[in-house]
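Remarks on the structure that follows.
The values are calculated or read from the model by the stated rules, or taken from the named source; none is laboratory data. Since we're looking at a predicted model, the values are computed, not measured. We place every Cβ from the backbone using ideal geometry, glycine too, and count neighbours over all the protein chains shown. Just so you know, the surface numbers come from the protein's heavy atoms only, side chains and all, with ligands and any DNA or RNA stripped out. Shrake-Rupley method; radii C 1.70, N 1.55, O 1.52, S 1.80 Å.
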Amino acid sequence: MVHYLSQPGPQVGYIYQHQIPYGIWENPLSWSPQIVPGPTDSVYFENLGDYCIAIDNVLVGTIDLGTTTTPNISLELRASLVAQEVRILATGTLILNSSDPSSVVSISNTGAFYVFGIAEVYTILNITTGYAVGIGGLLETKPGSTLNINPPTLLSNTGYLSINGGSTHIHGVQCNGSIFIQNSNSIMDRISPLVGTLDILMNLNGTLALYNSVVNTTANYMVFYYLSGMVLTGGSTLNYQFPEFVRNVTFGKLMFDDSSAAYIENSVINLKGVKINLWWKSLFFLNSSTLHTDYSILIYENSEFDMVSGSQLIVTEYLVIADTAKLISYDSSIKVIDGSFGMYGDSKIQLIGSNLTIQVDNPDVGSVIGVLGSSRVYVYQKSYLNLDSIFLITGQSMVIASNESIVTVKKELLIAEGSRVLIEDGATVSIDASVGVTGLASLHTDKANVLINNHLVVEEQADFWFIDSNVTVSQSFLHSAQNYTSVITRSKFSVDGSFASLGFLEVVDSEIIVIDNFTTTSNLKCNTSKTFIESGNLFIFGYFESHNSNFTATNGYLQVSPFAVFKCYSCQIDIKAGGFTQGPFSDVTIVNSTFINRGGTVESSSPLKLTQSGITNKGNFILKSDISTDDNSGSFLVENQGDFIINGDNSSTINLKFNNNGGNLNINQNSNFEELQQEKGTILLNNFTLASGQVIKVNGGYLKGNGQINGQLINNGNLGDSENVNIIIINGNLTQSESSSTIAYVTDSENSHFNISENVSLNGTLKIRIEDTISDANQTKQIITTQSSNNTQFKKIQVVYYNKETKTEYPPCKPIETEQTEKGLAVLLKSGNQPNQNCDDGQSESKKSITIPLTVGLVVGVVGASILVASIFILKNRIGPRLFVRSIGEKLKRITTKH
């Protein structure tokens, strides 16, 4: 039954009439009027239940399939369709190739192809010509089908393009609706070959979704705008290549703007010659996915780029985050290869269990990485920030690494202006290239590890804080900023290279280990800390103040340079095998502290000021100036068990008690002691004066050499040298104890001489050692002289010959006689009385009497102000042993008589 709708004219309208079971396009009875529509006719499908099948090619003017209300209206095309316009309305369904999967349906010569209802593609659909394909309903391809659309495709907000299996080739898309591609290989091509066309535009909630699909495009622009989005899931891949790419001139653009979004899950995006722009609150989300671009990514205006679950972002040009944009990465990795990285404005990067690597594969490429403005970089939870490029942190920006994260700088790092770098909570920063902190910038660590394997410079008004951290300087660290105080608190600071602090530095509760050189030239305060100078030097050129701290020089030197100040309160200075050097015109003040030299070298060229402090020396101590104290309690002293040398240009004063207890005290310049006592060891005068305001006590050991003693001397040890001639002038009293020993050494040309200006109290033993090379002639050798009176005695006198080459003593062959004169005592040795190895055999009595050195006890008296002389006369006349004994008895009796 044919129903004619309008008068014949340029275009005639035909209404399809439903037939049972189905109508056929080619059957005239299917139409009203009952004529098969032609090229100029309009065809309408509007009746309930209409279902038409076009078996052959269709040539018609226009087609309207369905209405807005009447349901179940369908048209199935099994061949080609040529029409000026095709409109599939809300209730219409266009079915392509449902019963013959081998056929191809082509729609061409159309002005437009509109789908407001449903269009289903079962095999192959080619839409080859026309100015647009409009989709306000559903255009769906079935598994195994192919869809080729040559004109641009337009989707309204109700439009839905579903690609399910097979392949699709589309030239240009403008979509306010949805495009869903699954299990498919698709091409979204340019509208035309021209460069610069807007080829793909997703707008007004438009969505492009891929599942287990591959989409390839060479679009000029691929834009997602105003709440639109892109979704890739199920192992999908988007390959976007711009063939005409010329760096910084022509390139493709993948843009997200005005709250648009991309969600990529278990999928891959490959971009070549394409720039990604994220604008105005847009979001790009990678979940277990990879984005690889050989060009650049720009994230602006409060947009956000998120990465989770092992995602990868690889950029080979530059990555820029600006304004208030964010890049947040969880358990993922970012690589910028042979490119640049920049942050501006209030932008933020947050790495959580992630890696950000700036990698230079091409050594000819110089990359500049910048964190500028007020931007922030957060490196959290075992993340890794690897900067293999020049890195600039400036403005008011900040880089924070924490939770066992690692920051590695392999090329130059500059922290400038008011920026800040904070390494905390178990994080590590490893600096393998030069790092500069300048302007008002800060480098702060808290519970962190800092490895400076190259050069770190903190200058101008910058500062650094190392708190609860381990810091190792294996190359050099220069701190020259002076407007703010830098701090090392509760940290371990190891200087395996050189550290120079030219600014204000405070060290609190920390451990400083110096293996090479640590230099401070300005102001350094050290509180409750430990400093170990393992080797190298700790140089103090400026002001160094320490409280409750320890300084240990293991093999290195603590050096207070000329004009420097070193003040130590409640400290312990421990010199093991290293040294302590105090330069000229320096100020060293030690208060309530302990200074011990266990085996190193201490050299003091300026006054060493002690308050409630003492010094223990077991190594070498060279004093070229004074040691002073303001403590009058006498509780503190200088204890010497090593070598203590007083050796300067002028005189030295030690105005606290000095106890030589097993060491050597060498007086190489005029020296004044508040109190001097020796338990054991040696006091050696080297042609200078030793003075003391209190009695000098030698309780053991030796006092020997050549020089002058100004003060009272009590000798319970040994006075003189058994190997060398000593000449000692004592301007004071000499008191000898019974256990004391006075040693005189006699050569042919000179002999030991002790000249006492005041009273002498002789006791103990006088031992006279005569070189066995002495000439066989009468000689007088004065040993002890005094300016005052004396009535005391030596308990013993030993006279021996001595061979200096063999270090052997020999008693004389014959007994020694003594003789008292008005000037004192004479001990007589006759000429020819040689050491016992030269005695002749006829003197058996003499040889028997000298098998051990001869000891004679004498009481020596002095008449008036005459000089007491204990002399040795070597006479030519010989006397026998009996005469010698008788003569000694007479002289003992005579000189004990009071005159």
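Given the options 742, 785, name the one that is open to solvent by less than 20 Å² (accessible area, probe 1.4 Å), in a strand (DSSP E or B), closer than 25 Å to residue 803 by Cα and touching a residue at least 40 places away in the same chain (Cβ under 8 Å).
Numbers: 785 fails: closer than 25 Å to residue 803 by Cα.
That would be 742, the only listed residue that is open to solvent by less than 20 Å² (accessible area, probe 1.4 Å), in a strand (DSSP E or B), closer than 25 Å to residue 803 by Cα and touching a residue at least 40 places away in the same chain (Cβ under 8 Å).
Yes/no matrix, rows are residues, columns are (1) under 24 Å from residue 113 (Cβ atoms); (2) at pLDDT 85 or above:
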residue	(1), (2)
14	yes, no
18	no, no
23	yes, no
38	yes, yes
41	yes, yes
51	yes, yes
59	yes, yes
67	yes, yes
| Could we say that residue 225 is within 21 Å of residue 306 (Cβ to Cβ) and surrounded by 19 or more Cβ atoms within 10 Å (Cβ to Cβ) here? | yes
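Answer yes if at least one residue in the range 185-199 is within 23 Å of residue 303 (Cβ to Cβ) and in a strand (DSSP E or B), and no otherwise.
Step one: filter the range 185-199 for residues within 23 Å of residue 303 (Cβ to Cβ), giving 198-199.
With in a strand (DSSP E or B) added as a condition, the list becomes 198-199.
Checked against the condition, which is being within 23 Å of residue 303 (Cβ to Cβ) and in a strand (DSSP E or B), the range 185-199 yields at least one hit.
For the range 170-190, what are the residues that are in contact with a His (Cβ under 6 Å, 6 or more places away or on another chain) and either of a type in the set (D, E, K, R) or crowded, with 20+ Cβ neighbours inside 10 Å (or both)? If you could, list the steps in order and put the result at the bottom.
First, the residues of the range 170-190 that are in contact with a His (Cβ under 6 Å, 6 or more places away or on another chain): 187, 189.
Matches in the range 170-190: 189 only.
Pick from 454, 483: which is farther than 20 Å from residue 378 by Cα and either touching a Lys or Arg at 6+ places or on another chain (Cβ under 6 Å) or open to solvent by 60 Å² or more (accessible area, probe 1.4 Å) (or both)? Steps first, please.
Values: 454 fails: either touching a Lys or Arg at 6+ places or on another chain (Cβ under 6 Å) or open to solvent by 60 Å² or more (accessible area, probe 1.4 Å) (or both).
Being farther than 20 Å from residue 378 by Cα and either touching a Lys or Arg at 6+ places or on another chain (Cβ under 6 Å) or open to solvent by 60 Å² or more (accessible area, probe 1.4 Å) (or both) holds for just one of 454, 483, which is 483.
Of everything in the range 329-349, what is farther than 20 Å from residue 394 by Cβ, open to solvent by 20 Å² or more (accessible area, probe 1.4 Å) and modelled with pLDDT of 90 or more? Give them in sequence order. Show your work before the answer.
Step one: list which residues in the range 329-349 are farther than 20 Å from residue 394 by Cβ, which gives 329-335, 337-338.
Of the ones still in play, those that are also open to solvent by 20 Å² or more (accessible area, probe 1.4 Å) are 330-331, 333, 335, 337-338.
Across the range 329-349, the qualifying residues are 330, 331, 333, 335.
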| field | Where a residue in the range 213-224 is touching a residue at least 24 places away in the same chain (Cβ under 8 Å) and its partner, wherever it lies, is buried (at least 24 other Cβ atoms within 10 Å of the Cβ) and among the hydroxyl-bearing types (Ser, Thr, Tyr), with Cβ under 8 Å and at least six apart | value | 213/184; 213/236; 214/184; 214/236; 215/236; 224/260; 224/282
| message | Checking the conditions here, which among 659, 664 is assigned to a strand (DSSP E or B), under 30 Å from residue 719 (Cα atoms), at pLDDT 95 or above and open to solvent by less than 40 Å² (accessible area, probe 1.4 Å)? | response | 659
| query | In the range 62-82, what residues are surrounded by 20 or more Cβ atoms within 10 Å (Cβ to Cβ) and farther than 18 Å from residue 137 by Cβ? | reply | 78
| request: Could you tell me whether any residue of the range 284-295 is surrounded by 19 or more Cβ atoms within 10 Å (Cβ to Cβ), within 39 Å of the chain's Cα centre (by Cα), polar (S, T, N, Q) and over 12 Å from residue 231 (Cβ atoms)? | output: yes
| Flag if residue 161 is surrounded by 17 or more Cβ atoms within 10 Å (Cβ to Cβ), within 24 Å of residue 77 (Cβ to Cβ) and either modelled with pLDDT of 90 or more or in contact with a helix residue (DSSP H, G or I) (Cβ under 6 Å, 6 or more places away or on another chain) (or both) | yes
| field | Given (1) within 27 Å of residue 226 (Cα to Cα); (2) open to solvent by 10 Å² or more (accessible area, probe 1.4 Å), index of the condition residue 148 fails | value | (1)
| field | Failed criterion for residue 690 (all others in (1) surrounded by 18 or more Cβ atoms within 10 Å (Cβ to Cβ); (2) within 25 Å of residue 781 (Cα to Cα); (3) out of contact with any His (no Cβ under 8 Å at 6 or more places or on another chain) hold) | value | (2)
| Is it fair to say residue 258 is without any contact (Cβ under 8 Å) to a residue 40 or more places away in the chain, touching a strand residue (DSSP E or B) at 6+ places or on another chain (Cβ under 8 Å) and open to solvent by 40 Å² or more (accessible area, probe 1.4 Å)? | no
| request: May I ask you to verify whether residue 486 is among the polar types (S, T, N, Q), in contact (Cβ under 8 Å) with a residue 12 or more places away in the chain, within 26 Å of residue 619 (Cβ to Cβ) and outside any loop (DSSP other than H, G, I, E, B)? | output: no
| task | Report, by residue number, each residue of the range 679-688 that is in contact (Cβ under 8 Å) with a residue 24 or more places away in the chain and closer than 16 Å to residue 734 by Cβ. | result | 685
| Test for residue 648: is it on the phi > 0 side of the Ramachandran plot, touching a strand residue (DSSP E or B) at 6+ places or on another chain (Cβ under 9 Å) and in a loop (DSSP other than H, G, I, E, B) | no
| query | What residue, among those in the range 261-283 that are touching a residue at least 24 places away in the same chain (Cβ under 8 Å), assigned to a loop (DSSP other than H, G, I, E, B) and within 15 Å of residue 229 (Cα to Cα), is least open to solvent (accessible area, probe 1.4 Å)? | reply | 282
| Which numbered condition residue 675 misses (of (1) over 14 Å from residue 607 (Cα atoms); (2) among the charged types (D, E, K, R); (3) surrounded by fewer than 18 Cβ atoms within 10 Å (Cβ to Cβ)) | (3)
